[in-house]
Amino acid sequence: MQKNLRNFESSSAVFIDATIFLHHAFDINPASVEFLGRIETSNIKAYTSALVLEEVSYKIMMQSASNFLDRVTVQHVKKFFENPKNRGKVLTPLIEYIDYIDRLQEAGMTVIDLKGSDMKQAVHHTKDNGLITADAAHLAVMHRKSINHIATEDLDFAVVPNITVWSPSVKQ
């Protein structure tokens, strides 16, 4: 089932996918920005995973690197990082965003670790629902923690039974 993220009520736990954080980090979707603002000020039972934060960190780092490199590849970024001054230039936005994640945690958001057993379950979710392994790992974490709501723009989760997708792109 798909619903509009702006209508999410704080009575149920919700898992936050990388897309919501990236919308906020790059200020590209007002509904996502507003939702994370509500997490800062409300009693929303918000969860994410270490894997989600890795995805967000990687994308922020690569986006930042694009300000300094003509061609952004992992090899080019690694070469650029050989100079400590370059690291500081690229990592400043990431460090600032991780500080924001800390504030969300102080407001009550929980970051769940990914376990080896989650990856075993993820393979089954990939097979059963056609999700890519990272999304399937998010689903495995959600099932382990009995979370049935996900805030995401990734509508691939809509095929999963008993999961409600709260999307910033679904109209009210």
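Nothing in this text is a laboratory measurement; each read-out follows from the coordinates by a stated rule. If you're wondering where the values come from, they're calculated on a predicted model, not measured in any experiment. Positions of Cβ are generated from backbone atoms using ideal geometry, with glycine treated the same way; all protein chains shown enter the neighbour counts.
If you check 101, 44, 39 for being surrounded by 15 or more Cβ atoms within 10 Å (Cβ to Cβ), out of contact with any Phe, Trp or Tyr (no Cβ under 6 Å at 6 or more places or on another chain) and outside any helix (DSSP H, G or I), only one passes: 44. Test residue 141 against the criterion of being in a helix (DSSP H, G or I), more than 30 Å from residue 67 (Cα to Cα) and touching a strand residue (DSSP E or B) at 6+ places or on another chain (Cβ under 6 Å), and give yes or no. So residue 141 fits the description; yes.
Identify all residues within region 12-36 that are part of a helix (DSSP H, G or I), among the polar types (S, T, N, Q) and touching a Pro at 6+ places or on another chain (Cβ under 7 Å); write none if there are none. If the condition is that a residue be part of a helix (DSSP H, G or I), among the polar types (S, T, N, Q) and touching a Pro at 6+ places or on another chain (Cβ under 7 Å), then 32 is the only one that fits. Listed by first and then second residue, the pairs linking a residue in region 62-82 that is loosely packed, with under 14 Cβ neighbours inside 10 Å to a residue that is among the aromatic types (Phe, Trp, Tyr), with Cβ atoms under 7 Å apart and 6 or more places separating them unless they lie on different chains, are 68/80.
Note on region 149-167: residues that are closer than 17 Å to residue 52 by Cβ and assigned to a loop (DSSP other than H, G, I, E, B) total 5.
The lone criterion from (1) under 19 Å from residue 153 (Cα atoms); (2) in a loop (DSSP other than H, G, I, E, B); (3) charged (D, E, K, R); (4) more than 16 Å from the chain's Cα centre (by Cα) left unmet by residue 70 is number (1).
Within region 104-117, the residues that satisfy the criterion of being within 29 Å of residue 37 (Cβ to Cβ) and out of contact with any strand residue (DSSP E or B) (no Cβ under 8 Å at 6 or more places or on another chain) are 106, 107.
On the basis of being outside any helix (DSSP H, G or I) and either touching a Cys at 6+ places or on another chain (Cβ under 9 Å) or basic (Lys, Arg) (or both), does residue 127 make the cut? It is false that residue 127 is outside any helix (DSSP H, G or I) and either touching a Cys at 6+ places or on another chain (Cβ under 9 Å) or basic (Lys, Arg) (or both).
Residues of region 114-144 that are over 28 Å from residue 28 (Cβ atoms) and touching a residue at least 60 places away in the same chain (Cβ under 8 Å): none at all.
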